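The values are calculated or read from the model by the stated rules, or taken from the named source; none is laboratory data. Note that the structure is a prediction, hence the values are computed from the model and not measured. Note: ideal-geometry Cβ built from the backbone for every residue, glycine included; neighbour counts use all protein chains shown. Remember, those area values only see protein heavy atoms, side chains included, never the ligands or the DNA or RNA. Shrake-Rupley method; radii C 1.70, N 1.55, O 1.52, S 1.80 Å.
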Amino acid sequence: MAQLKILVVDDEPGIRSGVARILGNFHVTYPFMDEDYTFNILEAATGEEGIEIIDREMPDILLLDNKLPGIQGVEVLEYVRKKNYDIVVAMITSYASIDVAVKAHNDGAIDFIPKPFTPQELKASIEQITKQQYLRRITHKLKVEGRKVRFQFLSVLSHELKAPLNAIEGYLRMMQERQMGDSLDEYASAIERSLQRIESMRNLIMDLLDFTKVSFERQMEKMQNVNLKELVSMAVGTVSPYAIHKDIQFVTDVKGCETIWADPNDFEIILNNLVSNAVKYNKPGGTVTVTVDCTENEFTIAVADTGIGMNNDERDMLFEEFSRIRNDKTRNISGSGLGLSIVKKVVDLYHGVINVESAPDRGSAFTVIIPRSQVSNLKTGI
Amino acid sequence: MTKIYTVLLADDDPDYLFQVAYYLRKAGFEVMAVESQAEAEQVIARMKPDIAIFDLMMESDDSGFILCYKLKRKYPEVPVILATAVSRETGITFGLSGGQDREWIRADLYLEKGVRPEQFELEIRKLLKI
């Protein structure tokens, strides 16, 4: 049970003790709040005393009478606003002229409880106020956490970009200082490694662009009838130079429907990433099987390979950003670590699911299932 | 006969590892260059280096801290340099829950990874007092 502090500022002792009595045993609950709220009542007889208690105790809720002996209630309200305190304020007042009401509203008072009030009226207002306070705080917390997550992403990203730059710079300095002698032949592997690191940076940047596109651009105008057979052929075509090099065979099967209503870019992202991984992590001479199947309710895209596979621990980390599986078998496989996290983001946007089955040395199978009805009901971004 | 000092160097970036090891060997050090926290632990179990340089993030986000702790627990007098590519400005801490945990990770020096090899050598000589 959580306790909120309520400060009641009123020069009438009857009002103050009334509030304490009514709210002393009051609970507020709401389905989405994980705990009940109870209240601890603090009292002040003047505006000045009120301010002193506010500074010291930081109440969560302020019940403010306007007509006070010294400074008026609206001045206390102004003080709270200027200090930017996280306090919700309700005016309890028997003198509610329009001017006062407008000023109080402008200064952030969210409720007016006219005197005399019944216990039910007071409780109803407090209940509303408590829920509002809760929602405000949760929203702020999520914003702050969102920022933290973005910072973490950016810092890992800057690490991923700095590392290849440092490596390439190191090799160039070795050449500049002739550290391995005067003959260019000595630097063949330094040059080769620099070119490889440049390639990996290029891939990372391309993936990042996909990532930002998926995160921020969700335009309904891009939706159209997408021909799945063509999309699958294109994905296979894109990866074919590498596939030929590794002698990989493709088996494709598109059945059930010709087209789906979607953003073609999204499905290119899904297919390209899954098919490219299926080739990258495959064994020479292996096979990649791509199947698409439509039913009335959903369509399924499955990409399977006969490659190096992975164990359960490796599979659990799969969809995290920058996560790459590092073991003896993956030593020479390049990648940004963003591909699958992008795929997952896209699948989430279409309210779909992605499943992975895999066994070490036997291969992996990725299955994406997208509900057809949801396509017209896309989430608008992350 | 002057002593040849042994450097244990651990980093999962193979190019960085190659370049730093190359430079230090040219400068007269014997370098054991390994690409993972696991391999570094194997070396520590087998022998005592004169100085160690650990990358902060390898298999785990805290690899450098873990290795520092393990090495200092076994050989408290061996200086440890932690090499980090993460700029201080982001203010992100990786994995450690707070000040108390950091008590046992007393690296002798934190060095940012962009630093020139000559400076690296200078810092190593300072720590070894040579």
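Along each of its three principal axes, how wide is the spread of alpha-carbon positions in region A:178-320, in whole angstrom units, largest first?
69, 37, 32
Once you've got the GNM for chain A with C-alpha springs shorter than 10 Å, pick whichever of A:LYS229, A:LYS103, A:LYS213 has the biggest mean-square fluctuation.
For chain A, modelled as a Gaussian network with Cα springs under 10 Å, the answer is A:LYS103.
With r as the distance between the Cβ atoms of A:LEU154 and A:ALA359 and R0 = 35 Å, compute the FRET efficiency 1/(1 + (r/R0)^6) and round to 0.05.
The calculated FRET efficiency here is 0.45.
So for region A:64-170, what are the equivalent ellipsoid semi-axes in whole Å, largest first, each being the square root of 5 times an eigenvalue of the Cα gyration tensor?
Numbers: eigenvalues 480, 54, 14 Å².
Whole-Å semi-axes of the equivalent ellipsoid: 49, 16, 8.
Among the DSSP beta bridges whose two residues both lie in chain A, what percent are antiparallel, rounded to the nearest 5? All intermediate terms of the calculation are to be shown ahead of the outcome.
Values: 26 of 54 bridges.
Restricted to chain A, the bridges split so that about 50 percent are antiparallel.
Output wanted: per-residue J couplings in Hz (rounded whole) for region A:320-330, from phi through Karplus 6.51 cos²θ - 1.76 cosθ + 1.60, θ = phi - 60°, x for Gly and Pro.
Listing the rounded values in order: 7, 4, 6, 7, 10, 7, 10, 8, 4, 6, 9 Hz.
At 222 nm, what value in deg cm²/dmol follows for chain A if DSSP H runs of at least 4 each add -39500 (n - 2.57) and the sum is divided by all its residues, to the nearest 500?
On the way: 10 runs with 181 residues, N = 382.
Theoretical 222 nm ellipticity from helices: -16000 deg cm²/dmol.
Run through every distinct alpha carbon pair of region A:1-85 and return the Kirkwood hydrodynamic radius in angstroms, one decimal place.
Final number for the Kirkwood radius of region A:1-85 is 13.4 Å.
Taking amide H atoms as placed 1.01 Å from N in the peptide plane, list the residues 5 or more away in sequence, or in a different chain, whose amide H sits under 5 Å from that of A:ILE113.
Long-range HN contacts for A:ILE113: A:MET91, A:ILE92, A:THR93.
For chain A, what is the largest minus smallest coordinate of the Cα atoms on each principal axis, given in angstrom and ordered from greatest to least?
Cα spread of chain A along its principal axes, largest to smallest: 91, 65, 38 Å.
Taking every residue in A:162-171, how many Cβ atoms of other protein chains lie within 10 Å of its Cβ, on average?
Numbers: counts 6, 7, 3, 1, 9, 7, 1, 2, 11, 3.
Neighbouring Cβ atoms belonging to other protein chains average 5 per residue here.
Compare the Cα positions of A:ASN332, A:ASN282, A:TYR37 along the charge dipole of the protein assembly as shown (+1 at Cβ of Lys, Arg; -1 at Cβ of Asp, Glu; about the Cα centre) and return the one farthest towards the positive end.
A:ASN332
Hey, what D do you get for region A:239-382 in µm²/s if you plug the Kirkwood alpha-carbon radius into Stokes-Einstein at 37 °C and 0.692 mPa s? It would help to have the intermediate numbers written out before the result.
Numbers: Rh = 15.7 Å.
The estimated diffusion coefficient comes to 209 µm²/s.
Around A:MET1, under 9 Å between beta carbons, what's the net of Lys plus Arg minus Asp minus Glu among the other residues? Please list the in-between numbers first.
Values: positive: none; negative: A:GLU35, A:ASP36.
Result for the local shell: -2.
Where nothing but the Cβ of Lys and Arg (+1) and of Asp and Glu (-1) is charged, how large is the charge dipole of the protein assembly as shown around its Cα centre, in debye to the nearest 20? Walk me through the intermediate numbers first.
Values: 60 positive and 77 negative charges, 170 e Å.
Dipole about the Cα centre, nearest 20: 820 debye.
Within the set of other residues whose C-beta is less than 10 Å from the C-beta of A:ASP65, count the net charge using Lys and Arg as +1 and Asp and Glu as -1. Before the final figure, lay out the partial values.
On the way: positive: A:ARG16, A:LYS67, A:LYS115; negative: A:ASP10, A:ASP11, A:GLU12.
Surrounding charge for A:ASP65 is 0.
Using a Gaussian network model of chain A with C-alpha springs under 10 Å, which one of A:GLU192, A:GLU258, A:GLU160 is most mobile by mean-square fluctuation?
With Cα springs under 10 Å in chain A, the top fluctuation among A:GLU192, A:GLU258, A:GLU160 is at A:GLU192.
To the nearest hundred square angstrom, how large is the accessible surface buried between B and A, total for both chains, probe 1.4 angstrom? Write down the numbers at each step before the final one.
Details: alone 7520 and 21170 Å², together 26890 Å².
Answer for the B-A pair: about 1800 Å² buried.
Span-like helices, chain A: DSSP H, alpha-carbon axial extent 27 Å or more, mean Kyte-Doolittle 0.0 or greater, which ones? Kindly include the intermediate steps, with their values, before the conclusion.
Numbers: long enough: A:119-176 (84 Å, -0.50); A:188-216 (42 Å, 0.12).
Span-like helices, by this rule, are A:188-216.
What value does region A:248-319 have for Rg/Rh, both radii from Cα atoms and Rh as Kirkwood defines it?
Working: Rg = 13.7 Å, Rh = 13.6 Å.
Radius of gyration relative to Kirkwood radius: 1.01.
Separation of region A:80-105 and region A:264-295 by C-alpha centroid, Å?
So the two Cα centres are separated by 61 Å.
Roll a 1.4 angstrom probe over the protein heavy atoms and tell me the percent of accessible area of region A:130-190 that is carbon or sulfur.
Numbers: 2340 of 3940 Å².
Using a 1.4 Å probe with all protein chains present, region A:130-190 comes out at 59 percent carbon and sulfur.
Would you tell me the mean number of C-beta atoms belonging to other protein chains that fall within 10 Å of each C-beta in A:178-186, as a whole number? Mind dumping the intermediate values first?
Details: counts 0, 5, 2, 0, 0, 0, 0, 0, 0.
Across A:178-186, the average partner-chain Cβ count within 10 Å equals 1.
Could you run the Karplus curve 6.51 cos²θ - 1.76 cosθ + 1.60 with θ = phi - 60° over region B:54-61 and give me ³J(HN,Hα) per residue in whole Hz, x for Gly and Pro?
Taking θ as phi minus 60°, the curve returns 10, 5, 6, 10, 10, 4, 10, 4 Hz for region B:54-61.
Just A:GLN152, A:GLN132, A:GLN196 to compare: in a GNM of chain A, with alpha carbon springs under 10 Å, which one fluctuates most?
Evaluated over chain A, the most mobile residue of the options is A:GLN132.
Can you give the FRET efficiency to the nearest 0.05 for A:ASP99 and A:ASP55, using r as the Cβ-Cβ distance and R₀ = 35 Å?
0.80
Counting only protein heavy atoms, what percent of the accessible surface of region A:32-126 is carbon or sulfur at a 1.4 Å probe? Intermediate results must be reported in sequence, preceding the final value.
On the way: 2450 of 4700 Å².
C and S fraction of accessible area: 52 percent.
Solvent-accessible area per residue for the protein assembly as shown at a 1.4 Å probe radius, Å²? Let's see the in-between values first.
On the way: 26890 Å² over 512 residues.
In whole numbers, the protein assembly as shown has 53 Å² accessible per residue.
Tally Lys/Arg at +1 and Asp/Glu at -1 over every other residue whose Cβ is under 11 Å from the Cβ of A:MET180; what's the total?
Numbers: positive: A:ARG178, B:LYS26; negative: A:GLU177, A:ASP182, A:ASP185, A:GLU186.
That works out to -2.
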